[in-house]
Amino acid sequence: MSNPPFGFGLPDPDKGRDNDSSGSGGQSGSGADSFQQLGQMLSQLGQMLSQAGSSSGPVNYDLAKQIALQRLGSEGQLGFSAGDTTGESAVRDSSHLAELWLDGATILPAGASTTVTWTARDWIDKTLPTWQRLCDPVAKQVSGAWMQALPEEAKQAAGPLLSMVGQMGGMAFGSQLGNALAALASEVLTSTDVGLPLGPENTSALLPKNIEKFTEGLERPTSEVLVFLAAREAAHQRLFAHVPWLRQRLLATVEEFASGITVDTSALEQLAGQVDPSNPASIEQAMSSGLLEPQTTPEQQAALDRLETLLALVEGWVDVVVAEAIGDRLPGADALRETLRRRRATGGPAEQTFATLVGLELRPRRMRAASALWKLVGDRHGMQARDTLWTHPDLMPRAEDLDDPMEFAERLGDSGALGADVDPIAELERTERAERAARESEPGPADSDSSGPDTDEGPGAAGNKPGDA
């Protein structure tokens with residue numbers, strides 16, 4: 001059973017002891033230490049309460065950022081001889097080499113105009129705006145369910161206290177988010193390691209400190225691993241920069257899944273009957289009872305299927321293109337490729353974080369099938385035909401095509417969609433202009449009644465025909 005969104009649970013007090021850095025061999029429960037810990041707790045509580053008043057949304061993101069940075073501690077170091085420019089120059093040189101190799105493996109030009117090195121703290125700071133976009137729908141749904149479950153007489157009696165309850169909920173969500181992001185920031189290798197475009201546009205970013213830890217058990221030179229990861233990051237950036245509908249489609253599908261989360265109000269009423277306000281232990285037991293775990297609706301399942309297919313296609317394309325770009329240039333390329341494929345396909349910190357934050361298990365389980373499909377299309381129709389499929393979402397393989405890639409490849413040749421008269425760069429530019437025009441012409445709230453019927457593909461589905469998956 002997956003974790004419900006934001007966990008709904010209280011932090012494990014035993015985990016706090018793991019971070020105790022006191023090197024004394026005396027009793028941890030000494031009087032001086034106890035008073036010091038009590039002072040720290042009161043200080044943190046005061047900071048949290050003061051920040052609660054400044055939070056207007058469903059999640060206190062200021063608190064989330066503070067908790068994440070506190071948990072990271074010294075992991076804000078750059079790595080690769082931190083303190084000088086060695087790490088930055090190594091990342092820059094590796095990225096430049098990777099871009100040169102990729103030029104011969106794809107028709108998509110370089111997508112990153114800037115190559116940077118991030119610490120774990122930088123990752124938190126640069127990706128938090130995207131996390132806010134992904135987490136807000138969940139928090140709104142959950143907090144709204146709490147308010148709806150209250151009887152009208154209770155709402156009237158509570159009065160101004162309801163706003164305080166909302167602030168406390170924002171603090172609770174912020175605490176969960178901060179802890180989850182801290183765990184993820186200490187392990188991600190690049191800005192696209194999760195599979196979603198979390199960082200700023202046209203920016204290729206690697207985290208040398210985390211790459212050093214990742215390399216320790218691989219028995220490969222750090223420089224070799226760095227070039228391989230730089231190639232994967234650059235390939236992702238080429239897709240996100242030159243396939244204008246892709247970024248919006250991925251994020252919109254996650255939002256669609258999250259906004260469909262529902263909480264059983266009858267379970268909330270049952271939960272309220274189990275809680276004794278004077279007994280904090282009863283609150284914790286009720287929260288962990290599983291009564292609040294959301295149910296997956298058919299609409300959510302459809303969004304999840306689309307997201308899994310699209311993520312698998314992205315990861316499969318990157319896998320094939322990087323393998324072709326590197327070829328025999330790196331002795332350990334095949335081993336690194338298999339290591340990352342397993343790491344990506346079997347879950348890990350990314351999947352756990354998404355399961356906690358938005359109730360979504362982010363795992364492209366069909367990545368190998370997607371990789372095989374892209375390889376087959378490239379072998380039969382060539383690199384240009386393979387990459388031309390990204391010009392429009394209607395040309396992309398669907399979930400059923402991953403089951404029979406041979407039939408998909410044959411259908412492409414018969415349909416003439418990949419004819420010699422197709423200019424892929426011109427098609428990409430045309431699609432980008434159409435997407436931009438669609439966004440600019442979106443009706444405002446006053447015009448919403450006159451708009452056409454809603455689609456289930458999100459804002460990035462411009463150009464889809466009725467009946468398209």
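Only the coordinates and a few stated rules stand behind these numbers; no lab work does. Nothing here was measured: the structure is a model prediction, and the numbers come from that model. No Cβ is skipped: glycine too gets one built from the backbone with ideal geometry, and neighbour counts run over all protein chains shown.
Checking the table LYS126/LYS213; LYS209/LYS375; LYS140/LYS209; LYS140/LYS213 against a 31 Å threshold on Cα-Cα, which pairs fail?
LYS209/LYS375; LYS140/LYS209; LYS140/LYS213
Under 5 Å between amide H atoms, partner at least 5 residues away or on a different chain: which partners does GLY111 have, H built in plane at 1.01 Å?
When sequence neighbours closer than 5 places are left aside, the close amide H contacts are ARG238.
Express in nm, to one decimal, how much length is gained between ASP62 and LYS140 on full extension, taking 0.36 nm for each residue of separation and deducting their alpha carbon distance.
Details: separation 78, 0.36 × 78 = 28.08 nm, distance 1.72 nm.
Here the answer is 26.4 nm.
GLY378: net charge of surrounding residues, Cβ under 11 Å, Lys/Arg +1, Asp/Glu -1, itself excluded?
In short, 0.
What ³J(HN,Hα) values, in whole Hz, does the Karplus curve 6.51 cos²θ - 1.76 cosθ + 1.60 give for the range 58-63 when θ = phi - 60°, with x put for Gly and Pro?
x, 10, 7, 6, 4, 5
If I stretch the segment between ALA335 and MET406 completely, what's the gain in nm (0.36 nm per residue apart, minus their alpha carbon distance), one decimal? Mind showing how you got there, number by number?
Values: separation 71, 0.36 × 71 = 25.56 nm, distance 2.69 nm.
Extra length from ALA335 to MET406 when fully extended: 22.9 nm.
Given H placed on each backbone N at 1.01 Å, which residues far from VAL116 in sequence or on other chains put an amide H within less than 5 Å of it?
Answer set, sorted by chain and number: SER204, ALA205, LEU206.
Each residue of the range 391-400 in turn: what ³J(HN,Hα) in whole Hz from Karplus with 6.51, -1.76, 1.60 and θ = phi - 60°, glycine and Pro shown as x?
Here the 3J(HN,Hα) series is 5, 8, x, 5, 8, 6, x, 9, 4, 5 Hz.
Need the full-extension length gain, ALA183 to ASP103, defined as separation in residues times 0.36 nm minus the C-alpha distance. One decimal, nm.
Length difference between fully extended and current span is 25.3 nm.
Quickly work out the ASP328-to-GLU201 label distance, labels modelled 7 Å from Cα along the C-beta direction, and quote it in nm with one decimal.
Label at GLU201, label at ASP328, 4.2 nm between them.
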